[in-house]
């Protein structure tokens with residue numbers, strides 16, 4: 001029995017090595033066909049024949065200046081490290097070259113393949129998806145897809161977590177003033193904004209079952225929340241989903257059901273469950289597009305007036321403007337129907353976010369959104385329907401240079417303001433987040 005298991009392990013190992021070799025041939029073949037660069041191909045030929053000294057001499061001979069000479073020699077050494085299976089050293093060299101010139105597609109291809117060979121799937125996936133989003137050539141995109149599919153199949157699970165320090169000027173989502181006026185009548189506000197310090201946390205994971213080459217079934221869930229010095233303001237959200245998805249042309253389409261349970265002050269607040277549809281497509285140099293349509297039945301533990309249904313539509317478009325800058329434009333619409341018409345509303349929310357690779361140690365983030373809510377009927381005492389206008393501005397940074405064994409620190413700041421024709425629903429909030437994140 002042990003001999004049989006040993007044979008099977010050797011077969012699996014040979015299969016993995018053969019797959020890596022075949023994928024490398026596919027990528028190199030497509031690259032050569034799509035973008036022939038005679039000097040580079042000559043250099044690769046010398047390296048593949050292990051004629052390293054000649055490759056170094058050739059790299060120097062085709063350099064137009066000292067900077068190009070240094071980059072060429074660094075590239076040669078990185079490829080040599082890769083050929084000799086010193087993958088971590090090769091990845092460091094390729095990363096350094098990419099930092100000098102993020103538009104160097106050849107280097108990014110070599111880095112992505114090296115990361116794949118060393119089993120660093122998250123980073124390999126990022127670079128292959130980046131490459132796929134910057135080309136229109138069908139052969140190249142098919143080559144990148146080959147690697148992405150291989151990565152997806154060899155690790156069917158995902159897990160991410162974060163924990164951080166979370167001070168806020170409005171931990172209870174309250175109104176700024178202790179007295180509010182509705183239709184000219186003063187009311188004492190028992191939900192005035194309170195500032196506080198606490199910590200935030202998030203944990204999520206999923207597991208995918210591949211039913212066929214195209215169809216898969218994914219189960220997932222997670223929790224997120226915040227805890228403060230006054231526990232009555234603590235928040236907790238539990239969520240889970242089950243989804244079946246498949247490929248239809250250039251689209252990945254899924255259908256599933258999701259559920260969530262929310263708590264405030266460690267007491268039940270609301271629950272929701274319902275179906276959803278999702279779709280995502282890479283459009284080459286034109287970016288990527290994804291959408292989600294969902295419906296949920298929501299019930300509240302205390303306030304029956306908010307019980308009802310929620311219908312949401314979310315559209316996101318992401319475009320890589322340059323190797324350092326990416327932009328995401330989004331819009332969402334929501335229709336809420338409750339047992340009371342004055343708490344039913346329709347809303348629209350456009351958003352914009354930017355991610356900028358400042359250097360290999362630092363990624364900067366910026367985001368902005370606006371939401372308009374229009375309620376169906378008159379709010380009590382006012383004689384008119386409630387109208388809310390909100391905007392949110394945020395900025396942050398991912399400090400990759402301070403990462404340790406995959407743990408990456410992040411800093412975020414957010415300002416939120418909401419103004420309503422019913423003063424009871426005015427909001428202001430400044431929030432800061434300092435968190436440590438980890439993806440497995």
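We did not get these values from a lab; they are worked out from the coordinates using the rules stated. Source: prediction; values computed, not measured. Note that we place each Cβ from the backbone using ideal geometry, even for glycine, and neighbour counts take in every protein chain shown.
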(request) Report the normalised scattering of the range 169-312 as log10 I(q)/I(0) at q = 0.10, 0.13 Å⁻¹, calculated by the Debye formula with identical scatterers on the alpha carbons. (result) -0.54, -0.81
(request) With Cα extents along the principal axes in Å in mind, check (i) 74, 66, 35; (ii) 88, 58, 39; (iii) 67, 60, 44 and report the label derived from this structure. (result) (ii)
(message) If I stretch the segment between residue 327 and residue 183 completely, what's the gain in nm (0.36 nm per residue apart, minus their alpha carbon distance), one decimal?
(response) 47.5 nm
(message) Given contacts defined as C-alpha pairs under 8 Å and at least six residues apart, what's the relative contact order of the range 115-203, whole-number percent?
(response) 25 percent
(request) Note down the relative contact order for the chain as a percent, whole number, built from C-alpha pairs under 8 angstrom at least six residues apart. (result) 10 percent
(request) Could you work out how far apart the two model spin labels at residue 377 and residue 60 are, taking each label as a point 7 Å from the Cα in the direction of the beta carbon, and quote it in nm? (result) 8.6 nm
(message) Could you compute Rg(Cα) / (2.2 N^0.38 Å) for the range 232-369, with N its residue count?
(response) 1.29
(message) Modelling each spin label as a point 7 Å along the Cα-to-Cβ direction, I'd like the residue 70/residue 370 distance in nm, to one decimal.
(response) 4.7 nm
(message) I'd like to compare 110-119, 279-288: which one has the highest average count of other Cβ atoms within 10 Å, and what's the full order after that?
(response) 110-119, 279-288
(message) How far apart, in nanometres, would the label points at residue 101 and residue 280 be if each is projected 7 angstrom from Cα along the Cα-to-Cβ direction?
(response) 3.2 nm
(request) For every helix of n ≥ 4 consecutive DSSP H residues, a contribution of -39,500 (n - 2.57) applies; sum these over the chain, divide by its total residues, and give [θ] at 222 nm rounded to the nearest 500 deg cm²/dmol. (result) -9500 deg cm²/dmol
(request) Just the number, please: percent antiparallel of the DSSP beta bridges in the chain, rounded to the nearest 5. (result) 100 percent
(request) Compute the length gained on full extension between residue 399 and residue 195: take 0.36 nm times their separation in residues and subtract their Cα-Cα distance, giving the result in nm to one decimal. (result) 70.7 nm
(message) Counting each pair of different Cα atoms once, what's the Kirkwood radius of the range 318-440 in Å, rounded to one decimal?
(response) 17.0 Å
(message) Starting from 0.36 nm per residue, how many nanometres of slack lie between residue 223 and residue 438 once their C-alpha separation is accounted for?
(response) 75.9 nm
(request) Give, as ranges by residue number, the residues of the range 258-293 whose backbone N falls under 17 Å from the point 7 Å along Cα→Cβ of residue 304. (result) 270-271
